[in-house]
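**Student:** I have a structure here, written as structure tokens, and I will follow up with some questions on it.
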Amino acid sequence: MNPLTEQTRASMAEIIHRYPHKRSAIMPILHLAQSVQDEITPEGIAMVAEVLDLTTAEVNAVATFYTMYKRSPVGKHHIGICTNTLCALLGGDAVYDAVSERLGAGHNQTDVDGTFWLERIECQAACTHAPVMTVDWEFMDCQTPASAVEVIDRLARGEMVVSTRGPAIRDFQATEHTLAFPDDGLAGEGGEADAIMLAGLTVANQRGMSAPPATAQGA
Amino acid sequence: MTPLTPVITAHWDVPDYFTLEGYKRHDGYRALPKALAMDPDSIIAQVKDTGLRGRGGAGFPTGLKWSFVPQNDGKPHYLVVNADESEPGACKDVPIMMANPHALLEGVIISSYAIRAHHTFIYIRGEVPQAIRRVASAVREAEQAGLIGDNIQGSGYNLRVTVHSGAGAYICGEETALLDSLEGRRGQPRLKPPFPATHGLYADPTVVNNVETIANIPWIVNNGVEWFRQFGTEKSPGFKVFAVSGHVNRPGIYEAPLGITMRELLDYAGGVRGGDGTVKFWIPGGSSVPMLTADHLDTPLTYEAMAEAGTMLGTGTPMVFNSTISVVKAVTRWLEFYKHESCGKCTPCREGTYWITGVLDRFEHGAGTDPDMKLLEDLCANITGRSFCALGDAAATPYPAAMKYFRDEFEAATHTPVDETYPSAASYLFTELAPR
């Protein structure tokens, strides 16, 4: 595990400057600690407490409330499969079962060599793209059991996998760093809206529909 | 037939629309100079006159909310954008942030100016890094172009915008829990009153608005009240970014005037997929609002008509389920979600969701009993209205709604496991089995 360094502490200070009250910086700062150590460790809690002038109990209270902060090493990749009602019933349950079997891991467990963390996730705000999977929280939309297992196989072989609406997959810690410092140069990846996001605009264009133009008496 | 009316989504097919240049090429940031030349109070009045209602679920009139902020009180004011979209079924704010972050940002600048805020936070759920990147990148572009920062376009108005990443908690979509979370605490709701308009972030006057609500603002300032009110009804004016999901042939984003019907949206979305081709049940706006059936396909999707039908417009993101879906299974899964997401602050919600899932699990396995139905009814009645926030009420919603229309399925689940009556694979969007 990587140690937290003076560089980490300096980055935490940088995050604090975004907020009028420094305690507000705790969530991105915890993401940063997790990006270095692959989990929230006692060492991470101590450093966060120190830079924010909080007790370790206060930091622990926050770190244990939010499900994205993990208390054991996640490994190289976090695999999320939505098993909330809509995704689950439209096939997410089968996708989860297939991936779980492939990894030999259950909910919030890693595979035997600690490379993949599997999690049944709640609604990912992508119901139009069901069944939804995430790899290191990047969208992998519209999965089937076979396609999801193929994603795992390719990641296991070190091959490039590209998010369906985002960048090429890096690793869990890289995404955690993005959550602390979001302007990471990857915003353009994934390009314009996909066919599902354009479904209505496409129909509107086909049928010659549009919103009424601004009227002359507009403000 | 109500036509589709792309406004916010009109240029989503432009490859670089999510960049400052792409947005500006299609009339972006034209509302901003107009707004900065106006008196802040007249912007609030204009938004009030449009009748725009919050698009996050509750439908509270936006201009009215803004007008509750005490002006010239010498305190800092804050705008907080609720971009914590996590309601099961809701998937329209994340697409807006990915495809149209600058419309959100232009709305942020104008709205902040109107309520006299100088620091705005955009609280985005942590599980959607690409949406966070797009908004953060838009903020940097806007800063570099002098659209955010000090003395914006020579107006003397200053604004800072901070993009904040959440960390996985549905409850933070509740506005006071969001504020606690943004203050660096566990995301638990506050007692209201006092309301955020007077005691919000850091106990200062704060407006919390949904992404889509704020994204409406540039078009309102540009095109005016009359233009806006051409869309929708008297009580539900405007257009809506509907996200249609579930058993439809073309799931996706459909922008249309409020008042369009589910039958019309279904037609645009290519009709029902699978099963016997009919809608078994559908939910107009997130799992927290009661389900409807095929009998309600012609009910206008407005705040008032949905209320009359016994439900709510909610987030305006209909989920459609075909004949293969077990209502018992759907309700059980939703309750597992509420159990998982209950923040634990209020006993009825924390304990109630735990007990409800236990009883529902019996039904799923064909082992429910007649007294269990009554027990579930009691449990729901003991949660409703007895918790600080709407999560408790929401958790008590799916079961009574399901019983209203599908009591027979719960009766059948007293002797037959749900999986026998409704084999799971029949509902899947794929036909393959798990690979071996």
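Throughout, read-outs are computed from the coordinates displayed, never taken from laboratory work. Computed from a predicted model, the values in this text were never measured in an experiment. Glycine also receives a Cβ, built like all others from the backbone with ideal geometry; neighbour counts cover every protein chain displayed.
**Student:** Hey, what does the equivalent ellipsoid look like for the range A:1-107, semi-axes from the Cα gyration tensor as sqrt of 5 times each eigenvalue, largest first, whole Å?
**Tutor:** They are 33, 16, 12 Å, listed largest first.
**Student:** Continuing with the same structure: Using just the Cα positions, wrap chain B in a convex hull and report its mean projected area in square nanometres, one decimal place. List each step's numbers first, then the result.
**Tutor:** Values: hull surface 85.3 nm².
That works out to 21.3 nm², a quarter of the Cα hull's surface.
**Student:** Using only C-alpha positions, report the orientation-averaged shadow area of the convex hull of the range B:137-233, nm², one decimal.
**Tutor:** That works out to 9.0 nm², a quarter of the Cα hull's surface.
**Student:** Determine the percent antiparallel among the DSSP beta bridges restricted to chain A, to the nearest 5.
**Tutor:** Antiparallel: roughly 60 percent of the beta bridges in chain A.
**Student:** How big is the charge dipole of chain A about its Cα centre, in debye rounded to the nearest 20, if each Lys and Arg gets +1 on its Cβ and each Asp and Glu gets -1 on its Cβ?
**Tutor:** 480
**Student:** Rounded to the nearest whole Å³, what is the per residue volume of the convex hull around the Cα atoms of chain A?
**Tutor:** Expressed per residue, the convex hull around the Cα atoms of chain A is 177 Å³.
**Student:** Here's a follow-up. Taking only the alpha-carbon atoms of the range A:6-65, what semi-axes of the equivalent ellipsoid follow from 5 times the gyration tensor eigenvalues under a square root, in whole Å, largest first?
**Tutor:** 15, 14, 10
**Student:** What FRET efficiency comes out for residue B:377 versus residue A:61 if R0 is 41 angstrom and r is the Cβ-Cβ distance? Round to the nearest 0.05.
**Tutor:** 0.70
**Student:** Let me spell out the model: positive unit charges on the Cβ of Lys and Arg, negative unit charges on the Cβ of Asp and Glu, origin at the Cα centre of the protein assembly as shown. What dipole size does that give, in debye rounded to 20?
**Tutor:** Dipole size: approximately 1140 debye.
**Student:** Moving on. For residue A:109 and residue A:157 in the same chain, what is the full-extension length gain: residue separation times 0.36 nm, less their Cα-Cα distance, in nm? Each step should come with its number before you reach the end.
**Tutor:** On the way: separation 48, 0.36 × 48 = 17.28 nm, distance 2.05 nm.
Full extension of this stretch gives 15.2 nm more.
**Student:** Give me the distance in nm between label points sitting 7 Å out from Cα along the Cα-to-Cβ direction at residue B:226 and residue B:426, one decimal.
**Tutor:** Distance between the two pseudo-spin positions: 5.6 nm.
**Student:** For peptide B:90-98, how many partner chain Cβ atoms fall within 10 Å of a residue's Cβ, on average?
**Tutor:** The shielding value for this peptide is 5.
**Student:** Same structure again: Send over the per residue convex hull volume for the range A:77-170, Cα only, as a whole number of Å³.
**Tutor:** Per residue, the Cα convex hull of the range A:77-170 comes to 76 Å³.
**Student:** I'd like the GluC sites (Glu not before Pro) in the range A:137-171 restricted to DSSP loop residues with at most 16 other Cβ atoms within 10 Å, sorted by number.
**Tutor:** Here the GluC sites (Glu not before Pro) that fit, given the DSSP loop and packing criteria, are A:159.
**Student:** Please report the antiparallel percentage of the DSSP beta bridges confined to the protein assembly as shown, to the nearest 5.
**Tutor:** On the way: 26 of 52 bridges.
If we restrict to bridges inside the protein assembly as shown, about 50 percent are antiparallel.
**Student:** So, one more: For chain B, what's the relative contact order in percent, using C-alpha pairs closer than 8 Å and at least 6 residues apart? Present the calculation step by step, with values, prior to reporting the outcome.
**Tutor:** Details: 889 pairs, mean separation 68.7, N = 436.
After rounding, I find 16 percent.
**Student:** Which peptide among B:406-413, A:169-176, B:395-402, B:351-358 comes first, and what is the full order, when sorted by highest mean count of other Cβ atoms within 10 Å?
**Tutor:** Top to bottom by mean Cβ count within 10 Å: B:395-402, A:169-176, B:351-358, B:406-413.
**Student:** Now a separate question. In vacuo Debye scattering of the range B:192-290, one point per C-alpha: log10 I(q)/I(0) at q = 0.14, 0.17, 0.18, 0.20 Å⁻¹?
**Tutor:** Taking Cα atoms of the range B:192-290 as identical point scatterers yields -0.74, -0.93, -0.98, -1.06.
**Student:** So, one more: Considering amide H positions built from the backbone, and no H for Pro or chain starts, which residues 5 or more places from residue B:256, or on another chain, come under 5 Å of its amide H?
**Tutor:** Answer set, sorted by chain and number: B:5, B:240, B:242.
**Student:** Most exposed first by the Cβ proxy, i.e. fewest other Cβ within 10 Å, how do A:58, B:432 rank?
**Tutor:** B:432, A:58
**Student:** Looking at the protein assembly as shown, I'd like the Rg to Rh ratio, where Rg is from alpha-carbon atoms and Rh is Kirkwood's inverse mean 1/r.
**Tutor:** Values: Rg = 23.6 Å, Rh = 24.9 Å.
Taking Rg over the Kirkwood Rh, I get 0.95.
**Student:** Need one number: % antiparallel among DSSP beta bridges in the range A:77-170, to the nearest 5. Walk me through the intermediate numbers first.
**Tutor:** Details: 9 of 15 bridges.
Here the antiparallel bridges make up roughly 60 percent for the range A:77-170.
**Student:** Now for a separate question. Which far-off residues, 5 or more places away or on another chain, put their amide H under 5 Å from the one on residue B:430, with H placed in the peptide plane?
**Tutor:** Under 5 Å from the amide H of residue B:430 lies no amide H from a residue far enough along the sequence or on another chain.
**Student:** Let me ask something else. ³J(HN,Hα) across the range B:182-198 via Karplus (A = 6.51, B = -1.76, C = 1.60, θ = phi - 60°), whole Hz, x for Gly/Pro?
**Tutor:** With the stated coefficients, the range B:182-198 comes to 5, 7, x, 10, 4, x, 10, x, 9, 6, 10, x, x, 8, x, 4, 10 Hz.
**Student:** Karplus couplings for the range A:122-134 from phi (6.51 cos²θ - 1.76 cosθ + 1.60, θ = phi - 60°), rounded to Hz, Gly and Pro as x?
**Tutor:** Residue by residue, the range A:122-134 yields 8, 3, 9, 6, 8, 4, 5, 10, 5, x, 9, 10, 10 Hz.
**Student:** Ok, one more. Taking H placed 1.01 Å from N in the peptide plane, check which residues at least 5 places from residue B:162 or on another chain put their amide H under 5 Å from its amide H.
**Tutor:** Close amide H contacts, sequence-distant or interchain: B:120, B:121, B:122.
**Student:** Separate question: Give a residue-ordered list of calculated ³J(HN,Hα) values for the range A:74-83 (Karplus: 6.51 cos²θ - 1.76 cosθ + 1.60, θ = phi - 60°; whole Hz; x for Gly, Pro).
**Tutor:** Values, residue by residue: 7, x, 6, 10, 9, 10, x, 10, 6, 10 Hz.
**Student:** With a ≥ b ≥ c the root eigenvalues of the C-alpha gyration tensor of the range B:162-216, is it rounded (a/c under 1.5), prolate (a/b larger than b/c) or oblate?
**Tutor:** Values: a/c = 1.57, a/b = 1.05, b/c = 1.50.
In terms of gyration-tensor shape, oblate.
**Student:** Would you kindly work out the equivalent ellipsoid of the range B:248-320 from its C-alpha gyration tensor and give its semi-axes, the square roots of five times the eigenvalues, largest first in whole Å?
**Tutor:** 18, 13, 11
**Student:** A further question on this structure: For the range B:85-125, how big is Rg over Rh, using alpha carbon atoms and the Kirkwood form of Rh?
**Tutor:** We get a ratio of 1.04 for the range B:85-125.
**Student:** Summarise the partner chain shielding of B:246-256 as one whole number: the mean count of Cβ atoms from other chains within 10 Å of each residue's Cβ.
**Tutor:** Mean inter-chain Cβ contacts per residue within 10 Å come to 6.
**Student:** Right, here's the next one. What percent do you get for the relative contact order of chain A when only Cα pairs under 8 Å and 6+ apart count?
**Tutor:** Reported relative contact order: 18 percent.
**Student:** Another question, then. Give the value in nm², to one decimal: projected area of the alpha carbon convex hull of the range B:353-434, averaged over all directions.
**Tutor:** Values: hull surface 26.8 nm².
Here the figure is 6.7 nm², rounded to one decimal.
**Student:** Using alpha carbon centroids, what distance separates the range B:371-436 and the range A:155-176, in Å?
**Tutor:** Answer, in whole Å: 36.
**Student:** How many Cβ atoms of partner chains, on average, are near each residue of A:80-87 if near means within 10 Å of its Cβ?
**Tutor:** Neighbouring Cβ atoms belonging to other protein chains average 6 per residue here.
**Student:** Next question, about the same structure. In whole angstrom, how far apart do the alpha carbon centroids of the range B:303-351 and the range B:7-50 sit?
**Tutor:** Spelled out, the Cα-based centre of one part sits 34 Å from the other.
**Student:** So, one more: Quick one: Cα centre-to-centre distance for the range A:92-148 and the range A:3-42, in angstrom?
**Tutor:** Cα centroid of the range A:92-148 versus Cα centroid of the range A:3-42: 28 Å apart.
**Student:** Using only Cα atoms, tell me the angle between helix B:101-115 and the longest principal axis of chain B; keep it within 0 to 90° and round to the nearest 10.
**Tutor:** With rounding to tens, the tilt is 70 degrees.
**Student:** Then there's this: Along the positive direction of the dipole of chain B (beta-carbon charges: Lys, Arg +1; Asp, Glu -1; about the Cα centre), which of B:316, B:100, B:265 reaches farthest?
**Tutor:** B:100
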